[in-house]
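Values quoted throughout were computed directly from the atomic coordinates according to the rules given, and no laboratory measurement underlies them. Since we're looking at a predicted model, the values are computed, not measured. Quick reminder, even Gly has a Cβ in these numbers, built from the backbone with ideal geometry, and neighbours come from all protein chains shown.
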């Protein structure tokens, strides 16, 4: 067997894989370094600008914690809104004037008329005292009348004595005249004449005494009678007061209206000055509201108001503003207009809106807590992500708006709430 000679195996060389490598340009060799340098330079510029822009910032606050509003120009309506409750302008509470047992004649919610009996108080001690004092009054009245009769009788007796003394004096004078004539004729002795003169002197003295007693007696009578009359008058006043108290045992309504609250139960024993019940005069209803001191400074009696409740509206006027501040609030009362509401109840809630004034072309911004901080003398104006503190002057405030007098312009954006987080810094950074 003949073997064929093997052909030599040809191996491929790397000539097809080889290529000429050209020397790269210098800018290509340093491209990565150039890009990194450019990015670093840009970052450095941004950092420099950031530091320059926000240099002096004293705080950094998230926007989510702030409320920002835009200053605008338009019609400014000053009004006050509050929730009020219906109160009766006349709602007297009746009290027990004495201790006793109370019998009720009405119940809560009953309609009553003026003068109607609402309750009666049983007080045996008071009625017994009235009977005793009335008997004393009758006795003093008899004493007074007896004193008048005695005074008249004494005066009459003194009148008789006065007249008798006057007659005795005239008689003594005539006797002296006869004695003197008889003495001149030799019929009487000198001693008889002297006795007649003595008798006349005694008569004159008795007449003078009787006259003085008679003239002084009316004054003495007045003292005696007036003292008795004073005791009688005092007793009359006491009896009249007791009768008033007995009459007030029947508790009657001072107004026409409706029974409000009944503070006691029937047949209850009460002490003096215990509250029994309240009568509400539904024809004289008012609405009472409480307004913050800062919002109530311009309220005046006579201002118009809108009242709303239960789907109905009424017109009213401010009837009074309390002169004192209690817990930062001022109590204000409103009176309904000519259209008297029907169906309202004591303490029912109503919405109240009082219009103070309306002005056009006023620079204003939304109301916020910034107006109460630092007396409302500063505001933070927002530029991009920076809030800068600027002095401002605020004017009147309404429910939703506050007037800008100085320091801001139309279109400025300011922080109206959340400025307490700035800690009074001149500038603050706003973050997202």
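A compact table of results
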{"read-out": "Two-site label geometry, residue 216 and residue 131: point separation in nm, points 7 Å out along Cα→Cβ", "value": "4.8 nm"}
{"read-out": "Footprinting exposure proxy for 237, 378, 370 (fewest neighbouring C-beta atoms within 10 Å first)", "value": "237, 378, 370"}
{"read-out": "Over 19 Å [Cα-Cα, segment 199-328], rounded percent", "value": "78 percent"}
{"read-out": "Exposure proxy order (Cβ contacts within 10 Å, fewest to most) of 159, 252", "value": "159, 252"}
{"read-out": "Added length on full extension, which subtracts the Cα-Cα distance from 0.36 nm per residue, residue 67 to residue 99", "value": "5.1 nm"}
{"read-out": "Rg(Cα)/(2.2 N^0.38 Å) for segment 283-357, N = residue count", "value": "1.08"}
{"read-out": "Estimated distance in nm for a label pair at residue 410 and residue 155, the labels positioned 7 Å out from Cα along Cα-to-Cβ", "value": "9.9 nm"}
{"read-out": "Segment 124-246 - percent relative contact order, Cα under 8 Å, separation 6 or more", "value": "48 percent"}
{"read-out": "Rounded to 10°, Cα long-axis angle of helix 124-185 versus longest principal axis of the chain", "value": "40 degrees"}
{"read-out": "Fewest-first ranking of 404, 330, 68, using other Cβ atoms within 10 Å as the exposure measure", "value": "68, 330, 404"}
{"read-out": "In degrees, nearest ten, helix 31-54 long axis to first principal axis of the chain (Cα)", "value": "10 degrees"}
{"read-out": "Residue 146-residue 166 FRET efficiency (beta carbon distance; Förster radius 25 Å; 0.05 resolution)", "value": "0.25"}
{"read-out": "Centroid-to-centroid separation of segment 348-376 and segment 231-256 [C-alpha atoms, Å]", "value": "56 Å"}
{"read-out": "Segment residue 75-residue 312, extension gain: residue separation times 0.36 nm, minus the distance between their alpha carbons", "value": "82.5 nm"}
{"read-out": "Length-normalised contact order of the chain in % [C-alpha pairs under 8 Å, at least 6 apart]", "value": "30 percent"}
{"read-out": "Simple label model, 7 Å out from Cα along Cβ direction - residue 108 to residue 420, nm", "value": "4.1 nm"}
{"read-out": "Gain on full stretching of the segment that runs from residue 190 to residue 399 - 0.36 nm per residue minus C-alpha separation", "value": "62.8 nm"}
{"read-out": "Distance from segment 185-220 to segment 71-91 (C-alpha centre basis), Å", "value": "99 Å"}
{"read-out": "Of every Cα-Cα pair in the chain, the percent that sits beyond 42 Å", "value": "64 percent"}
{"read-out": "With Cα atoms, 0 to 90° folded angle of helix 190-247 axis to the chain main axis", "value": "30 degrees"}
